[in-house]
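S.K.: Got a structure here, written out as structure tokens. Questions coming.
The values are calculated or read from the model by the stated rules, or taken from the named source; none is laboratory data. Everything numeric in this text was worked out from a predicted model, so none of it was measured. Because the Cβ atoms are built from the backbone with ideal geometry, glycine has one as well, and the counts that use them run over all protein chains shown. Please note that ligands, DNA and RNA were not included when accessible areas were found on the heavy atoms of the full protein model with its side chains. Shrake-Rupley method; radii C 1.70, N 1.55, O 1.52, S 1.80 Å.
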Amino acid sequence: MKIQNYLAVFSGGMLGASLRAGLGQILPGLTATTLVNLLGSLALAWLTFGLMRGGHLREWLSLGLGTGMIGAFTTYSTFAVMTLTNGFQGLIFAGMNLIGGFLCAGLGYLLANRGWSHA
């Protein structure tokens, strides 16, 4: 892999993790985790089916945005811990993240295929 790809993933990861941490400072834990996972699902589907598939992004940029930024922004490790440690509320939380994630990914796919990814 080229050095610019590593740097893009590293830089995108720093940005995504910083955005997630900032949101965690503003919103309560379960709300922040759900929001980043839903937004991340939508953004990754839109990016994948709209920009990357169409060849609109260079390799380093798609890696930086997808793997780096969105990968660090979403937080499925926190999702797993919160699901297991919050009893019944954890089950509701898990359902919202899983079902909502699929719905948001579908929305991202639809937006990409309706021209929302092309300038």
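S.K.: Using only the alpha-carbon atoms, how far is helix 87-113 inclined from the longest principal axis of the chain? Give it as 0 to 90 degrees, nearest 10.
M.R.: Approximately 20 degrees, to the nearest ten.
S.K.: Where does the chain land at 222 nm, in deg cm²/dmol rounded to the nearest 500, when only DSSP H runs of n ≥ 4 count, each adding -39500 (n - 2.57), divided by all residues?
M.R.: -23500 deg cm²/dmol
S.K.: Rolling a 1.4 angstrom probe over the protein heavy atoms, how many square angstrom per residue are accessible across the chain?
M.R.: Averaged over the residues of the chain, the accessible area is 60 Å².
S.K.: Calculate how steeply helix 29-46 sits against the longest principal axis of the alpha-carbon atoms of the chain, using the helix alpha-carbon long axis, and give the answer as 0 to 90 degrees to the nearest 10.
M.R.: With rounding to tens, the tilt is 30 degrees.
S.K.: Pulled fully out, how much extra length does the chain show between residue 84 and residue 102, if you take 0.36 nm times their separation in residues and subtract their Cα-Cα distance?
M.R.: Values: separation 18, 0.36 × 18 = 6.48 nm, distance 2.06 nm.
Stretched out fully, the residue 84 to residue 102 stretch lengthens by 4.4 nm.
S.K.: Taking springs between alpha-carbon atoms closer than 10 angstrom, which of 44, 63, 91 fluctuates most in the Gaussian network model of the chain?
M.R.: Most flexible of the set in this elastic network: 91.
S.K.: Extending each Cα 7 Å along its Cβ direction at residue 110 and residue 7, get the distance between those two points in nm, one decimal.
M.R.: 4.0 nm
S.K.: Given 5 Å bins starting at zero, what is the percent of C-alpha pairs of the chain in each, up to the one with the largest pair distance?
M.R.: 2, 13, 19, 20, 19, 14, 8, 4, 1, 0
S.K.: Still on this structure, please answer the following. When the accessible area of the range 25-112 is computed with all protein chains present and a 1.4 Å probe, what percentage of it is carbon and sulfur?
M.R.: 75 percent
S.K.: How many nm separate the modelled label positions at residue 21 and residue 91, each set 7 Å beyond the Cα in the direction of the Cβ?
M.R.: Calculated label separation equals 3.6 nm.
S.K.: Still on this structure, I have one more. Of 62, 11, which has the most accessible area and how do the rest follow, probe 1.4 Å?
M.R.: 11, 62
S.K.: Right, something else. Name the long-range amide H neighbours of residue 75: under 5 Å, sequence gap of 5 or more, or other chain; modelled H, no Pro or chain starts.
M.R.: It is 37, by chain and number.
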